[in-house]
Amino acid sequence: MLAKLPGWVVDNDASVRAEVAEWKGLTPAELWRLAQMCARDALWAAQISGRRQRILDQIDPLPADAVVALARLRREAGWNVEDR
């Protein structure tokens, strides 16, 4: 084990900030365009894999804390589950 980390090692916060630096300051429209491009790439990869429908049918369950947080946000926003 190293007694001291090399100088190029940065903490997690600095690492994340460096990774997203190129996207900081983009407009919502620019971010939406990037999201669309990512979605198209994912759909293309699913199609090429030959398992498109199996991939699209896959649903990852939300963690319990996320379900609770979404319910709270919907309640605070005045949304009813029946309205969805």
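Keeping all protein chains in place, calculate the accessible area per residue for the chain (probe 1.4 angstrom), answer in Å².
97 Å²
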- One finds, for Glu30 and Val10 with R0 = 41 angstrom and r their Cβ-Cβ distance, a FRET efficiency to the nearest 0.05 of 0.95
- Query: Using the alpha-carbon atoms, what tilt in degrees (0 to 90, nearest 10) does helix 64-77 show relative to the longest principal axis of the chain?
  - Reply: 60 degrees
- Message: Using the Cα atoms of the chain, I'd like the radius of gyration and the largest Cα-Cα distance, Dmax, both in angstrom.
- Response: 19.9, 58
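For n ≥ 4 DSSP H runs only, could you compute -39500 (n - 2.57) per run for the chain, divide by its residues and tell me the 222 nm figure to the nearest 500?
Taken over the chain, the calculation gives -19000 deg cm²/dmol.
The values are calculated or read from the model by the stated rules, or taken from the named source; none is laboratory data. Note that this is a predicted model, so its numbers are computed, not measured. Cβ coordinates were reconstructed from backbone atoms using ideal geometry, including for glycine residues, and neighbour counts include every protein chain displayed. Surface accessibility is based on the protein's heavy atoms, side chains included, excluding ligands, DNA and RNA. Shrake-Rupley method; radii C 1.70, N 1.55, O 1.52, S 1.80 Å.
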